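Contents: one structure, followed by commentary.
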Amino acid sequence: PSRALFLLLMLALAPFQAVAQAPGSVPPVARTAEVQAEIDALLAFRRGLRDPYGAMSGWDASALSAPCSWRGVACAPGGTGRVVELQLPRLRLSGPISPALGSLSYLERLSLRSNSLSGAIPASLSRVTALRAVFLQSNSLSGPIPQSFLSNLTNLETFDVSGNLLSGPVPASFP
């Protein structure tokens, strides 16, 4: 009898349990000029890359929750729509890192590690003064680390570019 009651209770609660476990939807984002500029920057980044797994194919600029609902993108809390994280590791992305990412002014964490990215690290990233962690290791990036990184990115705690083809000196005070 108690087992039957337990099963009946579980069946009765099943619809509520499914809702509780379903991934939460991202609320609509106020489409300010700043948010639109960040969407445009992310789309420019995507356009310059080869994405063999289609990781960014769901990036729909017309979605009410764009860019916060996009794979690899996290936004600041409160529905501001401002991008604070871009994380697309191990997706076999290839091509250059777009200088347009330099307009993501609230970006704190950039992780594009273990892809096949090439070209230089854009100096425009040194404008993103909120950056605290940059993970670009295990790509095919080349050229020097932009000198403006050291003077501008004062919040930077982690900067990993190992396993690339970079040249030139790395400042001793770099994180």
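The values are calculated or read from the model by the stated rules, or taken from the named source; none is laboratory data. Small disclaimer: the values here were computed from a predicted structure and weren't measured. Glycine also receives a Cβ, built like all others from the backbone with ideal geometry; neighbour counts cover every protein chain displayed. Just the protein is used for accessible areas: all its heavy atoms, side chains included, with ligands, DNA and RNA removed. Shrake-Rupley method; radii C 1.70, N 1.55, O 1.52, S 1.80 Å.
Go through the stretch 153-166 and report how many residues are hydroxyl-bearing (Ser, Thr, Tyr) and open to solvent by 60 Å² or more (accessible area, probe 1.4 Å). Looking only at that region, the number is 2.
I'd like the full set of residues that are of a type in the set (A, V, I, L, M, F, W, C) and exposed (fewer than 15 other Cβ atoms within 10 Å of the Cβ), limited to the stretch 45-75.
ALA61, LEU64
Of the strands (runs of 3 or more DSSP E) that lie entirely inside the stretch 86-148, those containing 2 or more residues that are touching a Ser or Thr at 6+ places or on another chain (Cβ under 7 Å) span 94-96, 116-119, 133-135, 140-143. Just one of the numbered conditions (1) of a type in the set (Lys, Arg); (2) assigned to a loop (DSSP other than H, G, I, E, B); (3) within 25 Å of LEU165 (Cα to Cα) is not true of ARG71: (3). Applying the set (1) in contact with a Phe, Trp or Tyr (Cβ under 8 Å, 6 or more places away or on another chain); (2) surrounded by 16 or more Cβ atoms within 10 Å (Cβ to Cβ); (3) charged (D, E, K, R) to ARG92 leaves exactly one unmet item: (2). Among the residues making up the stretch 93-137, those that are touching a Lys or Arg at 6+ places or on another chain (Cβ under 9 Å) and hydroxyl-bearing (Ser, Thr, Tyr) are SER94, SER98, SER103, SER105, TYR106, SER114, SER116. Tell me, yes or no, whether the stretch 136-143 has at least one residue that is touching a Pro at 6+ places or on another chain (Cβ under 8 Å) and either β-branched (Val, Ile, Thr) or surrounded by 18 or more Cβ atoms within 10 Å (Cβ to Cβ) (or both). There is no residue in the stretch 136-143 that is touching a Pro at 6+ places or on another chain (Cβ under 8 Å) and either β-branched (Val, Ile, Thr) or surrounded by 18 or more Cβ atoms within 10 Å (Cβ to Cβ) (or both). Please work out if LEU150 is over 18 Å from the mean Cα position of the chain (by Cα), under 21 Å from GLY48 (Cβ atoms), of a type in the set (A, V, I, L, M) and open to solvent by 20 Å² or more (accessible area, probe 1.4 Å). Considered against the rule, which asks whether it is over 18 Å from the mean Cα position of the chain (by Cα), under 21 Å from GLY48 (Cβ atoms), of a type in the set (A, V, I, L, M) and open to solvent by 20 Å² or more (accessible area, probe 1.4 Å), LEU150 comes out as no.
Taking first residues from the stretch 84-112 that are over 18 Å from PHE149 (Cα atoms) and partners that are in a helix (DSSP H, G or I), the Cβ contacts under 9 Å between residues at least 6 apart in sequence or on separate chains come to LEU86/LEU42; LEU86/PHE45; LEU86/LEU101.
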